[in-house]
């Protein structure tokens with residue numbers, strides 16, 4: 001039986017394009033002991049995947065040219081030679097971009113789609129939700145009354161960061177790239193203020209106006225000039241969880257900008273890069289708390305769904321032009 | 001009775017020069033209750049003082065034009081209207097740059113010059129020693145076998161950082177600006193390797209060669225291109241205590257350089273600015289431990305002494321051209 005796969009055809013130099021990806025038919029290998037056959041129903045596309053297309057040292061090995069890309073997905077088991085997995089089980093895990101795949105069962109986790117829709121396990125109860133949870137609480141350590149700024153505020157992580165910061169009693173200021181996102185975040189997600197970085201005539205001043213007491217925590221999803229403007233308003237003893245630098249994922253030169261160390265020094269600021277995997281021993285705590293806030297109505301959720309397996313590359317590239325509000329999901 | 005004072009004559013724009021300072025005679029005010037008369041014997045000059053010459057928001061208020069500069073000093077009490085202080089007491093505190101001064105006693109601490117020479121209380125048992133101790137141990141959290149790089153390695157803080165890191169069982173690599181300093185740090189202070197940043201043809205490669213297992217902790221006293229070269233070699237989960245940025249203390253433009261956030265992000269690195277005052281509740285712990293290491297011979301000390309009250313400005317400026325090895329002290 002054949003499955004369709006999306007292959008990394010060549011490593012992109014800058015922004016990926018049509019030559020980066022290739023759709024291919026592939027014969028399914030034989031099922032061996034410890035393996036299952038899965039049919040993905042939902043794929044997650046995430047900014048970090050761009051980094052995996054480069055042949056560079058990072059926290060996760062690069063995708064290989066000629067091999068399928070892969071990422072977080074929800075799938076249905078259709079055949080199993082693994083203990084504890086049976087047809088019709090719904091699982092989540094890191095899966096190849098394929099319409100059907102034979103994979104080891106030990107990387108999969110069964111999920112309960114009666115508790116929450118399947119796609120939630122790729123979003124608010126998955127990697128983006130946990131990223132927001134640990135980055136904000138463990139690095140940011142928000143205190144009631146503090147001001148939290150989050151960039152990429154309408155993205156999968158940012159929208160959760162803002163809401164958790166509100167639960168912690170903070171003033172929450174988002175930065176986003178369209179008036180629709182500004183309206184959505186303030187009207188539906190409880191942000192105290194949102195700055196449109198594309199239209200603000202002076203971003204540093206716009207952030208200063210939105211943060212009359214300065215910035216105590218800056219949850220950074222984007223980097224670049226947006227971050228320069230926030231850091232110009234940073235308070236003494238502020239914390240900066242570094243979660244993403246989407247501004248540079250498609251650049252080829254080493255980015256240059258104002259040096260931040262003098263500011264971090266004179267204001268005793270902490271900045272910390274992290275990935276969600278740094279917290280893997282606490283994932284169950286995080287999922288439990290996020291699920292509780294969702295069921296109590298304290299944490300709202302939104303996602304952008306693109307339909308069709310072959311739309312995966314397009315959906316991924318859409319992240320870099322801000323096509324999504326909340327989590328971007330591809331439904332097969 | 002008259003005392004001589006060194007006044008901030010004008011705020012420097014870039015490197016301070018003759019027009020920055022002015023020597024002035026001043027009539028001593030009357031001694032009031034709670035005050036003492038002190039005659040300083042040793043003044044500390046430190047890089048952070050340059051920042052106080054600017055009219056800028058920082059962790060410490062700026063010096064005022066027309067007023068004397070001030071800083072850490074050891075002094076003898078010559079008269080007292082304060083409980084617990086008597087003539088011939090030796091004290092340390094933040095004192096004006098004056099040959100004699102009337103100051104409130106509540107900012108002073110009596111010291112015992114039989115336990116350690118007076119100048120030690122401005123160096124290894126004072127602000128620079130405590131800065132090294134807390135920055136390295138509390139932010140750096142060194143583990144045996146890790147590699148610690150310290151810039152400004154022959155300075156008052158760096159020379160202590162390197163030795164404490166050795167006590168913790170780390171490999172210690174210094175960065176300094178002369179072959180004499182390189183020789184001194186390796187031969188007398190136990191550094192495993194020292195790189196001369198002024199003569200290394202490729203600093204990034206020189207640091208890579210000196211750190212075959214990468215850099216786990218970078219104690220940054222200098223900033224700029226030296227730091228760029230270290231950060232290019234930084235390990236996953238590394239820690240960067242930001243202690244000084246002497247490269248920029250005499251610049252007027254906002255310094256520009258490669259953005260570091262992408263590197264800190266992909267390697268889950270922590271960077272934290274700090275000042276010793278962040279740890280003031282733990283000063284007695286720090287002094288006790290430093291004094292114990294000194295008396296056990298585990299921590300060696302060196303200082304550069306300049307003689308003459310009027311040499312204070314010259315000694316301060318000497319810090320920016322690396323005139324000192326270890327703590328720079330002006331003996332009155």
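Cβ crowding within 10 Å ranks B:42, B:237 as B:237, B:42, fewest other Cβ atoms first.
Per-residue shielding of B:250-261, expressed as the average number of other chain Cβ atoms within 10 Å of the residue Cβ, stands at 6. For the range A:1-144, treating each Cα as an identical point scatterer without solvent, what Debye log10 I(q)/I(0) comes out at q = 0.19 1/Å? The Cα Debye sum returns log10 ratios of -1.19.
Would you kindly calculate the translational diffusion coefficient of chain B, applying Stokes-Einstein with the Kirkwood radius from alpha carbon pairs, for 10 °C and a viscosity of 1.306 mPa s, and quote it in µm² s⁻¹ without decimals? My calculation gives 77 µm²/s for D.
Remark: label point of residue B:209 defined 7 Å out from Cα along the Cα-Cβ vector; separations to the same position in other copies 5.5 nm, ascending. Peptide B:91-102 has a mean of 0 when you count, residue by residue, the C-beta atoms of other protein chains within 10 Å of its C-beta.
For the rotational copy pair B/A, the chain B residue whose Cβ lies nearest the symmetry axis, together with its distance in Å, is B:271, 2. If every alpha-carbon in the range B:127-277 counts as one equal scatterer, what log10 I(q)/I(0) does Debye give at q = 0.14, 0.15 1/Å? Per q value, in the given order, log10 I(q)/I(0) is -0.59, -0.69. Each of A:23, B:270 was scored by other Cβ atoms within 10 Å of its Cβ. Listed from fewest to most, they are A:23, B:270. Relative to the longest principal axis of the Cα atoms of chain B, the long axis of helix B:283-295 lies at roughly 70 degrees.
DSSP beta bridges in the protein assembly as shown, what fraction antiparallel, as a percent rounded to 5? Close to 60 percent. Distances between copies at residue B:2, taken between label points 7 Å from Cα along the C-beta direction, are 10.2 nm in increasing order. Pick from A:192, A:213, A:202 the residue whose mean-square fluctuation is largest in a GNM of chain A, springs joining Cα atoms under 10 Å. Ranking A:192, A:213, A:202 by mean-square fluctuation puts A:202 first. Taking 0.36 nm per residue of sequence separation and removing the Cα-Cα distance, the residue A:252/residue A:114 pair yields an extension gain of 45.2 nm.
Each copy carries a label point for residue B:67 at 7 Å from Cα toward Cβ; from one copy, the others' points are 6.5 nm away, ordered from shortest.
Remark: spin-label model distance residue A:32-residue B:81 equals 9.1 nm, labels positioned 7 Å along the Cα→Cβ axis.
Quick check of the Kirkwood formula: for the range B:216-292, what is the inverse mean of 1/r over all pairs of different Cα atoms, in Å? Walk me through the numbers on the way to the answer.
On the way: mean 1/r = 0.0704 Å⁻¹.
Over the range B:216-292, the inverse of the mean reciprocal pair distance is 14.2 Å.
Taking 41 Å as R0, compute the FRET efficiency from the Cβ-Cβ separation of residue A:11 and residue B:237 and round it to 0.05. Given R0 = 41 Å and the Cβ-Cβ separation, E is 0.90. Convex hull volume of the Cα atoms of the protein assembly as shown, normalised per residue: 177 Å³. Reducing the range A:242-285 and the range B:255-332 to their Cα centroids gives an inter-centroid distance of 26 Å. Calculated FRET efficiency, residue A:19 to residue A:58, Cβ-Cβ distance, R0 = 25 Å: about 0.65 to the nearest 0.05. Residues A:21, B:191, A:219, ranked from the fewest to the most other C-beta atoms within 10 Å, line up as A:21, B:191, A:219.
Just so you know, all these numbers are worked out from the coordinates, no wet-lab data involved. Just so it is clear, the model here is predicted, and its values are computed rather than measured. Heads up, the Cβs are rebuilt from the backbone with ideal geometry, glycines too, and the neighbour counts pull from every protein chain shown.
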